Amino acid sequence: DAVVHLRDYRKPAWRVERIELDIDLSVREAIVRSRLTLARDPAQNEVLTLDGEGFALQSLALDGAQLGANDYTWDGRELRMPRARDGSVLESVATLDPSANSALQGLYLSGSDEHGFLVTQCEAQGFRRIAFFPDRPDVLARYTVTLRADRARFPVLLSNGNPAGAGELPDGRHWARWDDPHPKPSYLFALVAGRLESIEEPYVTAEGRAVTLRIYAEPDAIGRCGYAMEALKRAMRWDEEHYGRNYDLDVFHIVATHDFNMGAMENKGLNIFNAKYLLADPARSSDDDYRHVEAIVAHEYFHNWTGNRVTCRDWFQLSLKEGLTVFREQEFSGDMGSHALKRIEDVQLLRRAQFPEDAGPLAHPVRPPSYSAIDNFYTATVYDKGAELIRMIAGRLGRAGWRRGMDEYFRRHDGHAASIEEFLAALGEPNGADLSPYLDWYEQAGTPELRARGDYDAQSKVYTLTLKQHTAPTPGQAHKRALPIPVRLALLGHDGRPLPLRMAGETGGVAERVVELDGASRAFRFLGIEKPRVASLLRGFSAPVRLEAGYTGDDLAFALRHDGDEFNRWDASQQLARLAFDALMRGGGERETAVWADALAPLFDDASLDPALLAELVTPPDVIELTERVTPVDPLAVHAAREALENALALRVGAQAAARHEALARVERGALDGASQNRRRLLNRCLALWMRWQPEAGAEVAATRYVLAAGMTERQAALAQLVLRAAPQAHKALADFEQRYRDDAITLDKWFALQAQIPERDAVERVAALIDHPRFSLRNPNRVHALLRTFAARNLVAFHRADGAGYALMESALERLDRINPTTAARLATALKDWRRLEPDRRERMRRCLERLVAQARSPELTDILRRSLA
Ligand code: HT7
Ligand code: ZN
């Protein structure tokens, strides 16, 4: 497939001022009548070219005259019409079958023929599957949409904008019209039609606009939408208070569907959600689920300004809306709960998903220079590294400067499509700051390694911090530039308190400051320093880099005890665990493991420590992060080393964990407030440690906890412990879970995902059998992620089984999935990207599997991932 390059960007030669859509809906056939009012750029002498694919064309008319076959060409992808003029009106009639659309892009049927409903997904290029259009984000048009359908089968008819009429039609049919006053790109178009129920709340914006908020779901799910509604109101208020951004339509609608390729979609005034990230209730949703719902509801809402009102010039600028909106959501979520915990979670995600992406064959800059399948660029790099870039820029401008810059960005670009250069200029200029050096971060792939060394001269009392950066080559980028790296730091004295930091020419010192490394290497001199103990660097993870500071175990244990920055305190524990893991992989590790465990043990007695933070402090890095540290990877050895780490900690703190578990179990446990959630997080972690310390007694407790769980957070954790530790009670609990939740797909996904992780070789056969489970379907992306993605990403023992059975299972699933849903197939295939890092035998097996797949792949999406992985 053709590669699209950023450098080839040209302004649209044709725009669409208005589009009127009239769509007659049924499960097996939608008749789409569209009327486009065209505007030609006089500076470009281009023939009208529109995108359009996957539908059957019934008729075309230009300026009222029907067109014949000689008046246009359509190769099934592009329509070319030499006769179109500036101001021409193009009318088309096309038909398509939503029930045959398993790719879930464009207009598709969610659910069964009989009970399902119709829904659209247009980002990135789904609109062209509905009607002819310049399907690119810099063509903003005004939409009027009329929907017609059988009233009994499709009582609810929704589209973007404000309601503009509704009425009856003959034969039990009806219509509804929607008018969107805000010009928008085609990727933000949406429609929904079906038998849905709704909940409703009034909302008055800070500017005084009365808005009706409605959430729609299928009848059996509508009772689980209340939490999302509350989260939406919190997000709306937060955006008013923190960015002065108000909502801008009379209605705001959200719809939940079980069939969705991603988390959710920010269509103007009509957000569509994967039900997994919208529905929540205490019996079936864990605390993590609640947090996800709040975060994603907020994320999609925040897009109304960062993405919709100001949209992207082209898809290379995707992070302009995604990185910025992730950042806005992170700050919101921190304000709603704990900034330290939110930061820890976000950095965990970055290290588990983005750092490996940046270090492997699929590495790409936050703004990629080219793509062959845009759907494959909705990545951790564009989203999460993109958010880190915004965080650095916001930090550079300071709170007031950031707000000033964002106000200016909205002032300049509201109603338009913008680029990352324009964004940086709008932020920088009102602050007198040149942010152009940050453009390098957008254009350069790879995670910089930051080396830090501190030297203290007791005589002159000067502490010199030398910082150096290096970024390894990534595909297509052999040579790397030095990037601006803000390092937030403090210097801890022997009593653990920060020492005043003063540089030449300054009077007085501050406890914490930010220095910016703006070249390959630089030394920073701090004066008047009395007896420093250890530098606390990169506080709050002030830049998305790998820090190598040469800390000893003692330094880290000291930081773990004393660092006032909660993130760095947690990171000290992570670094100690990594040192222990490295030593275990070298065949030793007893001493290093003891240093880590000894440093953690006293924390159980610290009553002032937030229980959730304690839970994170006593959790070693994730298996994906640890795998990153080894080449070549022997998956069994990595698994064994992480197990040894966990076991050693349990041996050291098991009694304390058990006691803490019992104390926490006596407190009221079912409530949903933050403090209760934080206690549950520790309760669950203590149970895990207890089970390793005393397998039999621990399993008894877990089995009881499973039955008497105060909500899903406890039930899921107890089940996980029983199953992953192969307790005798596991079988019964698993059967019980299946029975309880067999009719609730989202909850049953927890059951699929858990079994995919069982660290036994025969988990391959178990997963193969689960593919045939009556509740599993390759047609549903949530099921695929729960079972297959979890298996490939998290089960080192079974997925990497020496005989290649795990890879073979994935190969056959991918082959089938490619024919059903290419976006989901391509996402799943990224689990194979790191084949080159494996030990020779497995490397060869996985390479052969990738080569067989690439020879057979049909879709451009899967082909793109496989080719780049093999390159
Ligand atoms: N902006 C949304 C992207 C999205 C998407 C992309 C490709 C294929 C399917 C998709 N569904 C949603 C998600 C977001 O808010 O970031
Ligand atoms: Zn987004």
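The values are calculated or read from the model by the stated rules, or taken from the named source; none is laboratory data. This structure is a prediction, so every number in the text was calculated from the model and none was measured. As a convention, Cβ positions derive from the backbone with ideal geometry for all residues, glycine included, and neighbour counts pool all protein chains shown.
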For the structure I just gave you, tell me whether Q348 is under 21 Å from R789 (Cα atoms), in contact (Cβ under 8 Å) with a residue 40 or more places away in the chain, more than 12 Å from ligand 2 (Cβ to nearest atom) and in contact with a Ser or Thr (Cβ under 7 Å, 6 or more places away or on another chain).
no
In segment 365-374, which residues are surrounded by fewer than 23 Cβ atoms within 10 Å (Cβ to Cβ) and either of a type in the set (D, E) or within 16 Å of ligand 1 (Cβ to nearest atom) (or both)?
Y371, S372, A373, I374
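For segment 139-155, which positions are of a type in the set (A, V, I, L, M) and surrounded by 18 or more Cβ atoms within 10 Å (Cβ to Cβ)?
V139, L140, A141, V145, L147, A149
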Criterion: hydroxyl-bearing (S, T, Y) and surrounded by fewer than 22 Cβ atoms within 10 Å (Cβ to Cβ) - qualifying residue of Y277, Y301, Y243:
Y243
Which of the numbered conditions does W315 fail, given that it passes all the others? Conditions: (1) over 27 Å from R367 (Cβ atoms); (2) within 14 Å of ligand 2 (Cβ to nearest atom).
(1)
From the list Q44, Q105, Q66, exactly one residue is closer than 30 Å to A166 by Cα, touching a residue at least 24 places away in the same chain (Cβ under 8 Å) and of a type outside the set (F, W, Y). Which is it?
Q105
Filtering segment 504-531 for residues that are of a type outside the set (G, A, S), under 22 Å from I485 (Cβ atoms) and either under 40 Å from the mean Cα position of the chain (by Cα) or surrounded by 18 or more Cβ atoms within 10 Å (Cβ to Cβ) (or both) leaves a count of 12
Residue check: is Q330 surrounded by fewer than 24 Cβ atoms within 10 Å (Cβ to Cβ) and within 14 Å of ligand 1 (Cβ to nearest atom)?
yes
Name the residues in segment 415-457 that are surrounded by fewer than 19 Cβ atoms within 10 Å (Cβ to Cβ), closer than 30 Å to R533 by Cα and under 26 Å from the mean Cα position of the chain (by Cα), would you?
E449
Quick check, is E357 within 15 Å of the chain's Cα centre (by Cα), more than 15 Å from ligand 2 (Cβ to nearest atom) and farther than 25 Å from A472 by Cα?
no
Checking the conditions here, which among R775, R779, R858, R848 is surrounded by fewer than 22 Cβ atoms within 10 Å (Cβ to Cβ) and not in a loop (DSSP other than H, G, I, E, B)?
R848
Top-ranked residue of segment 240-276 - restricted to ones that are of a type in the set (V, I, T) and within 15 Å of ligand 1 (Cβ to nearest atom), ranked as farthest from T823 (Cα to Cα):
I254
Here is a list: R740, R725, R669, R715. Which entry is without any contact (Cβ under 8 Å) to a residue 24 or more places away in the chain and surrounded by fewer than 20 Cβ atoms within 10 Å (Cβ to Cβ)?
R740
Do we find that R740 is assigned to a helix (DSSP H, G or I) and over 23 Å from L770 (Cβ atoms) in this structure?
no
When residues of segment 23-54 are filtered for being of a type in the set (S, T, Y) and closer than 30 Å to E114 by Cα, how many remain?
2
Give me the residue from segment 308-323 that is under 16 Å from G263 (Cα atoms) and out of contact with any strand residue (DSSP E or B) (no Cβ under 6 Å at 6 or more places or on another chain) and, out of that set, farthest from ligand 1 (Cβ to nearest atom).
G323
Would you point out which residue out of A228, A206 is of a type in the set (G, A, S) and within 30 Å of M712 (Cα to Cα)?
A228
Of the residues in segment 532-555 that are within 31 Å of the chain's Cα centre (by Cα) and free of Cβ contacts under 8 Å to residues at least 60 places away in the same chain, the one that is surrounded by the most Cβ atoms within 10 Å (Cβ to Cβ) is S536
For strands (runs of 3 or more DSSP E) lying entirely in segment 141-182, having 1 or more residues that are acidic (D, E) picks out 141-150, 162-169
State all residues of segment 636-666 that are of a type outside the set (A, V, I, L, M, F, W, C) and either under 31 Å from the mean Cα position of the chain (by Cα) or surrounded by fewer than 18 Cβ atoms within 10 Å (Cβ to Cβ) (or both); if no residue qualifies, say none.
H639, R642, E643, E646, N647, E662, R666
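Looking at R629, R591 in this structure, which one is surrounded by fewer than 21 Cβ atoms within 10 Å (Cβ to Cβ) and closer than 25 Å to R843 by Cβ? So that I can check it myself, show each step before the final result.
Numbers: R591 fails: closer than 25 Å to R843 by Cβ.
On inspection, the qualifying residue turns out to be R629.
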Which numbered condition trips up G76, out of (1) out of contact with any Ser or Thr (no Cβ under 8 Å at 6 or more places or on another chain); (2) more than 21 Å from R33 (Cβ to Cβ); (3) not hydrophobic (A, V, I, L, M, F, W, C)?
(2)
Return the only residue of A793, A813, A769, A756 being modelled with pLDDT of 95 or more, over 25 Å from the mean Cα position of the chain (by Cα) and in the same structural domain as L862 (by TED's automatic domain parsing).
A769
Expected output for segment 373-401 (first residue more than 18 Å from G540 (Cβ to Cβ) and among the hydrophobic types (A, V, I, L, M, F, W, C), partner at pLDDT 95 or above and more than 11 Å from ligand 1 (Cβ to nearest atom), Cβ below 7 Å, 6+ apart or cross-chain) is A373/P860; A373/D864; F377/P368; F377/Y371; A380/A353; A380/Q354; A380/E357; V382/V366
Just one listed residue, out of A228, A210, A235, A206, is under 21 Å from A190 (Cβ atoms) and away from ligand 2 (no atom under 16 Å from the Cβ), and it is A228
Could you say whether any residue in segment 701-713 is touching a Phe, Trp or Tyr at 6+ places or on another chain (Cβ under 8 Å) and among the hydroxyl-bearing types (S, T, Y)?
no
What do you reckon, is H292 assigned to a helix (DSSP H, G or I), free of Cβ contacts under 8 Å to residues at least 40 places away in the same chain, in contact with a helix residue (DSSP H, G or I) (Cβ under 8 Å, 6 or more places away or on another chain) and within 11 Å of ligand 1 (Cβ to nearest atom)?
no
